[in-house]
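For reference, the structure discussed in these notes is given below.
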Amino acid sequence: MRPITPFLWTLFGAGGTIAALLFPVHLVLSGLAFPLGALEAPSYDVLYGLVRHPVTRLYLLVVITLPLFHWAHRFRYTLYDVLQLKHLYRLIAVLCYSAALLGSAVAAYTVWRIP
Amino acid sequence: MPPSVTLAVTRYRPEQESEPTLQTYEVPFRKDWVVLDALNYIKDNLDGSLSFRWSCRMGVCGSCGMMVNGSPKLTCAAFLSDYLPGPIRVEPLNYFPIIRDLVVDMTDFMHKLKKVKPWIIRAQEKPLADGEYLQTPDQLEMYKQFSMCINCMLCYSACPVYGLEQSFIGPAAIALAQRYNLDSRDEAARERLEILSEHDGMWQCTFVGECSKVCPKNVDPAGAIQQLKLVGAVDWFRFLLPWGTR
């Protein structure tokens with residue numbers, strides 16, 4: 001079987017890129033600019049309309065799921081190296097990536113269910 | 001300017017001691033002296049039994065790497081004046097077995113270096129009569145920084161992953177593999193990728209980046225490893241494609 005490491009690393013890299021490039025935009029917009037009144041906040045109807053669009057749903061899914069895999073990879077190696085738990089190699093890997101998968105499933109379900 | 005500075009130097013004489021200990025020496029301070037000069041002063045004037053490796057005194061040979069105040073340094077480039085008022089702790093390179101005093105066993109590194117085949121490999125050598133393999137300045141630029149490595153092993157001593165996992169093939173070996181992969185005359189990139197993709201290869205790296213920080217020749221091993229990971233990842237996805245190599 002081909003080792004899956006390169007694939008997991010790709011998810012890690014992609015998630016990290018998204019977290020580094022897109023998260024700040026969302027944080028500044030919805031965390032600072034809108035509440036502080038620097039920009040006029042979009043109305044509920046406008047946002048709802050935006051979120052219902054298939055492209056936005058896909059965008060939300062990608063922006064949520066890939067950083068989850070970034071987290072899984074980083075947390076896994078943190079447990080190995082910082083807490084010296086390398087002997088639990090398989091268990092930790094399964095738990096971390098399962099958590100990311102579960103989070104992705106919840107995100108997919110939620111995004112899908114937006115009426 | 002102080003008249004002298006104190007050095008706390010690791011002593012380990014396996015026939016006398018079971019554990020390395022620190023011994024202090026008072027050395028005259030001169031502002032143009034580096035730690036290696038101080039060690040040579042100790043050897044010449046205070047204690048001829050002190051053992052350490054050195055050769056060129058000018059950052060080319062890569063022999064005199066040691067831990068200076070806990071950081072991996074070429075002692076020929078570590079000025080005493082940067083460590084005042086002292087004492088200056090001089091210890092053998094981290095994570096390597098100590099043979100004697102400041103001398104470490106580099107067998108592991110030599111083995112790893114050889115494993116990545118850091119030389120030009122060609123499927124077919126052209127006959128001498130056909131002349132040399134020409135290279136443009138751009139082609140040289142591709143790998144030049146990685147070719148500056150002097151095998152001083154400071155990057156291994158700085159790498160926490162190597163500290164935890166001694167089987168990790170390590171920064172310098174991977175950077176040198178990439179040096180040959182990027183050389184237009186070389187044809188063995190795939191062969192090296194297979195070697196580096198093994199369990200103890202590049203995927204062990206968690207991109208701490210200390211290797212690049214401590215490199216005295218400004219090689220960027222961390223960068224080389226990330227480049228290779230990308231190549232490895234692209235290669236991984238290629239097999240999913242119908243026209244993929246495997």
B:V231 vs (1) free of Cβ contacts under 8 Å to residues at least 60 places away in the same chain; (2) more than 14 Å from chain A (Cβ to nearest Cβ); (3) not in a loop (DSSP other than H, G, I, E, B): all pass except (2)
Note: among B:Q178, B:Q226, just one is facing another protein chain (nearest Cβ under 10 Å), under 19 Å from B:S147 (Cβ atoms) and of a type outside the set (K, R), namely B:Q226
Restricted to the stretch B:173-197 and to residues being outside any helix (DSSP H, G or I) and among the hydroxyl-bearing types (S, T, Y), the residue surrounded by the most Cβ atoms within 10 Å (Cβ to Cβ) is B:S197
Among helices (runs of 4 or more DSSP H) entirely inside the stretch A:38-115, those with 2 or more residues being surrounded by 12 or more Cβ atoms within 10 Å (Cβ to Cβ) and either touching a residue at least 24 places away in the same chain (Cβ under 8 Å) or within 14 Å of another protein chain (Cβ to nearest Cβ) (or both) are A:54-81, A:89-113
So B:I150, is it within 14 Å of the chain's Cα centre (by Cα) and under 19 Å from B:M58 (Cα atoms): yes
Selection from the stretch B:198-211 of residues open to solvent by 30 Å² or more (accessible area, probe 1.4 Å) and either assigned to a helix (DSSP H, G or I) or facing another protein chain (nearest Cβ under 10 Å) (or both) yields B:E198, B:H199, B:T206, B:F207, B:V208, B:E210
Can you find a residue in the stretch B:74-85 that is of a type in the set (F, W, Y), part of a strand (DSSP E or B) and open to solvent by 30 Å² or more (accessible area, probe 1.4 Å)? yes
Margin query: Can you confirm whether B:S55 is of a type in the set (S, T, N, Q), touching a Lys or Arg at 6+ places or on another chain (Cβ under 6 Å) and either in a loop (DSSP other than H, G, I, E, B) or touching a residue at least 24 places away in the same chain (Cβ under 8 Å) (or both)?
Written below: no
Counting only residues that are more than 29 Å from B:Q204 (Cα to Cα) and either touching a residue at least 40 places away in the same chain (Cβ under 8 Å) or surrounded by 12 or more Cβ atoms within 10 Å (Cβ to Cβ) (or both), the stretch A:1-30 contains a total of 3
Here the qualifying pairs (Cβ atoms under 9 Å; residues six or more apart or on different chains; first in the stretch B:155-172 and at negative phi and open to solvent by 50 Å² or more (accessible area, probe 1.4 Å); second of a type in the set (S, T, Y) and modelled with pLDDT of 95 or more) come out as B:Q166/B:Y95
Being open to solvent by 60 Å² or more (accessible area, probe 1.4 Å) and either aliphatic (A, V, I, L, M) or touching a Ser or Thr at 6+ places or on another chain (Cβ under 7 Å) (or both) narrows B:I121, B:I99 down to just B:I99
Looking across the stretch B:86-95 at residues that are open to solvent by less than 50 Å² (accessible area, probe 1.4 Å) and under 20 Å from the mean Cα position of the chain (by Cα), the single one that is farthest from B:L22 (Cα to Cα) is B:L93
All-but-one check, B:K217 against (1) in a helix (DSSP H, G or I); (2) charged (D, E, K, R); (3) more than 14 Å from chain A (Cβ to nearest Cβ), failing number (1)
**Message:** I'd like to know if the stretch B:198-216 contains one or more residues that are touching a Cys at 6+ places or on another chain (Cβ under 9 Å) and of a type in the set (F, W, Y).
**Reply:** no
Within the stretch B:4-27, of all residues that are more than 28 Å from the chain's Cα centre (by Cα) and closer than 14 Å to B:Y83 by Cα, the one surrounded by the fewest Cβ atoms within 10 Å (Cβ to Cβ) is B:S4
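The values are calculated or read from the model by the stated rules, or taken from the named source; none is laboratory data. Remember, predicted model here, so these are calculated numbers, not experimental data. A quick note on method: Cβ atoms are made from the backbone with ideal geometry, for glycine too, and the neighbour counts reach across all protein chains shown. Ligands, DNA and RNA are stripped out before the accessible areas are found, and what is left, the full protein with its side chains, is counted by its heavy atoms. Shrake-Rupley method; radii C 1.70, N 1.55, O 1.52, S 1.80 Å.
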